[in-house]
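The values are calculated or read from the model by the stated rules, or taken from the named source; none is laboratory data. The structure presented is a predicted model; accordingly, all values stated were derived computationally and were not measured. Note that each Cβ is placed from the backbone with ideal geometry, even for glycine, and that neighbours are counted across all protein chains shown. With ligands, DNA and RNA removed, areas are computed over all heavy atoms of the protein, side chains included. Shrake-Rupley method; radii C 1.70, N 1.55, O 1.52, S 1.80 Å.
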Amino acid sequence: MLNQKVDQTFLFCWFVLLFSDSVVGELEDIVSIRDLSKKGLDSILVRAEKLEAMPLEKKVKLLKGKVVSCLFFEPSTRTRLSFEAAAKLLGAEVIGFADAKASSTAKGESLSDTVKTVERYCDLIVMRHPVEGSARLASERVKVPVINAGDGPNQHPTQTLLDLYTIKKAFGKINGLNIGFVGDLKYGRTVHSLAEALKHYKAAMYFISHPFLAMPKDLLEELKEETQVYETTKLRKYLRNLDVLYMTRIQRERFPYLVEYEKVRDEYLIDKSILERAKKGMKIMHPLPRVNEIDYGLDDTENAIYFEQLANGVPVRQALLCMLLGVKI
Amino acid sequence: MKDIRLTAISNGTTIDHLPPSKALDVLKVLNIEEDKVVTLGVNLKSGKMKKGKKGVIMIEGKKLSREEIDKISLIAQHSTINLISNDKVEKKISVEIRDEIREVLACSNENCITKKDQVKTRFKVLGRKPISVRCHYCEKTMEKKEILNNILV
């Protein structure tokens, strides 16, 4: 009986590996979370886990001799540094710029020409650009793989992947969890992308916001077809149900009047008192930077995992670099 | 009211079964050279159309391109295009919206890369009744009104 079980387990692992390798071959670029199936997402998360556990001396050989270009046409702290650290810790060389003024864009060069130039010097391009759809265009213009590190308010797929990885690490699973989103749900690209990814895992989603910043209706309808979705303006209404409270920053520039902004901003602040009414073990996440929505007093609690969340960006981005460059892990 | 009959064309294209209110919109988005003979009929009797009335456009000496047929599909899906050659219907096309619309629609998002770089536009059709499309590049969704306002002329 035991032998039979061992055989079945062996067969299952063999199938997973066989399948995972086929996913490695399929991934050419990471542009939008919409391009990834559940199997694709899982395959990335499994590799991130392996890379996180891998000894540094082994890891540093994986991308030896490879050159990664980090083209940041607009400012970024976390994403840029995380990508650079991820590549360097795998042994790759990193070239690029952190400001469009430092590139030929300042001389009027088109994005197409810039990426076609850069691909001559590298094996992979990581790109952040303020214009929506720029990463898709770049991926169509060059032969080397492109990773979208944010294209304006549109997509930021690696943020979504590290969010999923953080949830999986915290709970050992993603399937069937209850995830609450708070803050700017109308314009927040991290919320939209994560919600789109979570629908594959049948996670129940709770959208908590001021009506002015509610989730776009078309996206809500799309999500409702796949999973349970709840909307409310009351932060505490569903608190007892939530496994994850995903906070976001409410941006001043979204509001025509300062008074309206201040009223809404202070509606969704959390501090330690929230834990009294929350489910035991509820985790608090935030894509950062925060303004005042999470009190610093929460930082040292077991519930706060937003700094672990940003650290998880490194193994997740390493997994993507390896997969797109055809390195088996 | 006296029954009006249009004289058939010998060579060219007839666009039939247009909703009467859409006939002029269709005419506007077609690239018709100044010397072409065009006949436009609006509110003509129709047994096929729901309200019993239809619009018809007949263009002498013109064959429609793929892009032009796609434009018509966005304004008046289910209309009929007859390609006429030597007084005979050479081909009949039932106008349907394709799964992907290329190069006939501009994106309504001013921050889309298609507005900044030399890119041919592409849209995935999400729904047909009512129509909605998603930009291949910026992923913005457009619905009927925005689509009709952004057809390239």
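Helix-derived [θ] at 222 nm for chain B: sum -39500 (n - 2.57) over DSSP H runs of at least 4, divide by residue count, nearest 500? Display every interim value, and only then the final one.
Working: 3 runs with 23 residues, N = 153.
Taken over chain B, the calculation gives -4000 deg cm²/dmol.
A cut-off of 5 Å between modelled amide H atoms, ignoring neighbours fewer than 5 places along the same chain, links B:L126 with B:S132, B:V133, B:R134. What is the sum of charges, Lys and Arg at +1 and Asp and Glu at -1, for the other residues whose Cβ falls under 12 Å from the Cβ of B:P19? Result for the neighbourhood of B:P19: +4.
Once the Cβ-Cβ distance between A:K64 and A:K328 is put in as r, and R0 is 25 Å, what FRET efficiency do you end up with, to the nearest 0.05?
Efficiency at R0 = 25 Å is approximately 0.95.
In this rough spin-label picture, where each label sits 7 Å from Cα along the Cβ direction, the A:L258-B:K50 distance is 5.2 nm. Which shape class, rounded, prolate or oblate, goes with chain A when its Cα gyration tensor gives a ≥ b ≥ c as root eigenvalues, a/c under 1.5 marks rounded, and past that a/b bigger than b/c marks prolate? Oblate, because a/c is 1.5 or more while a/b does not exceed b/c.
Of the residues A:P75, A:V191, A:L124, the one whose Cα sits farthest toward the positive end of the charge dipole of the protein assembly as shown, with +1 on the Cβ of Lys and Arg and -1 on the Cβ of Asp and Glu, is A:V191. Qualifying trypsin sites (Lys or Arg not before Pro) in region B:69-132, where qualification requires a DSSP coil assignment and no more than 11 other C-beta atoms within 10 Å, comprise B:K120.
Shape call for region A:238-329 from the C-alpha gyration tensor, a ≥ b ≥ c root eigenvalues: rounded (a/c under 1.5), prolate (a/b greater than b/c) or oblate? Oblate. In the protein assembly as shown, the DSSP beta bridges split such that about 50 percent are antiparallel, to the nearest 5.
Return the FRET efficiency for the residue pair B:S94, B:S21: r is the Cβ-Cβ distance, R0 is 25 Å, and the value is rounded to the nearest 0.05. Efficiency for this residue pair is about 0.80.
Taking the Cα centre of region A:167-230 as origin and assigning +1 to Lys and Arg Cβ atoms and -1 to Asp and Glu Cβ atoms, the resulting dipole is close to 320 debye.
Once you charge only the Cβ atoms, +1 for Lys and Arg and -1 for Asp and Glu, what is the size of the charge dipole of the protein assembly as shown about its Cα centre, to the nearest 20 debye? Could the numbers behind the result be given before it?
Working: 79 positive and 65 negative charges, 230 e Å.
It works out to roughly 1100 debye.
Between A and B, roughly 1300 Å² of accessible area is buried in total, ligands, DNA and RNA not counted and the probe set to 1.4 Å.
Among the listed pairs A:K234/A:K283; A:K217/B:K120; A:K168/A:K237; B:K22/B:K63; A:K169/A:K237; B:K62/B:K115, those with a Cα-Cα distance over 23 Å are A:K217/B:K120; A:K168/A:K237; A:K169/A:K237; B:K62/B:K115.
From the square roots a ≥ b ≥ c of the eigenvalues of the alpha-carbon gyration tensor of region B:42-108, which class results: rounded (a/c under 1.5), prolate (a/b over b/c), or oblate? It is oblate, given that a/c is not under 1.5 and a/b is not larger than b/c. Summed over the residues of the protein assembly as shown and divided among them, the accessible surface reaches 50 Å² per residue at a probe radius of 1.4 Å. Spin-label pair A:Q251-A:V291: with each label point 7 Å from Cα along the Cα-Cβ axis, the two points sit 1.1 nm from one another. In this structure, the amide hydrogen of B:K140, modeled 1.01 Å from its nitrogen in the peptide plane, lies closer than 5 angstrom to those of B:C135, counting only residues at least 5 positions away or on a different chain. Before rounding to the nearest 500, sum -39500 (n - 2.57) across all DSSP H runs of length at least 4 in chain A and divide by the residue total; then give [θ] at 222 nm in deg cm²/dmol. Calculated mean residue ellipticity at 222 nm is -12500 deg cm²/dmol.
For the pair region A:151-202 and region B:1-74, the centres of their Cα atoms are 49 angstrom apart.
Phi-derived couplings, Karplus 6.51 cos²θ - 1.76 cosθ + 1.60 at θ = phi - 60°, listed residue by residue for region B:48-55: 8, 6, 4, 8, x, 9, 8, x Hz, with x used for Gly and Pro. Pairs of Cα atoms nearer than 8 Å and 6+ residues apart set the relative contact order; for chain A it is 20 percent.
The share of accessible area on the protein assembly as shown that comes from carbon and sulfur is 52 percent, using a 1.4 angstrom probe. Residue-wise HN-Hα couplings along region A:308-315, as the Karplus relation 6.51 cos²θ - 1.76 cosθ + 1.60 with θ = phi - 60° gives them from phi, are 5, 4, 6, 5, 5, x, 5, x Hz; Gly and Pro carry x.
Interface burial in region B:114-129 reaches 40 Å² or more for B:D117, comparing the full protein assembly with the chain by itself; accessible area from heavy atoms with a 1.4 Å probe. Of the options A:M215, A:L36, B:A76, report the single residue whose Cα projects farthest towards the positive end of the charge dipole of the protein assembly as shown (beta-carbon charges: Lys, Arg +1; Asp, Glu -1). The one lying farthest along the dipole's positive direction is B:A76.
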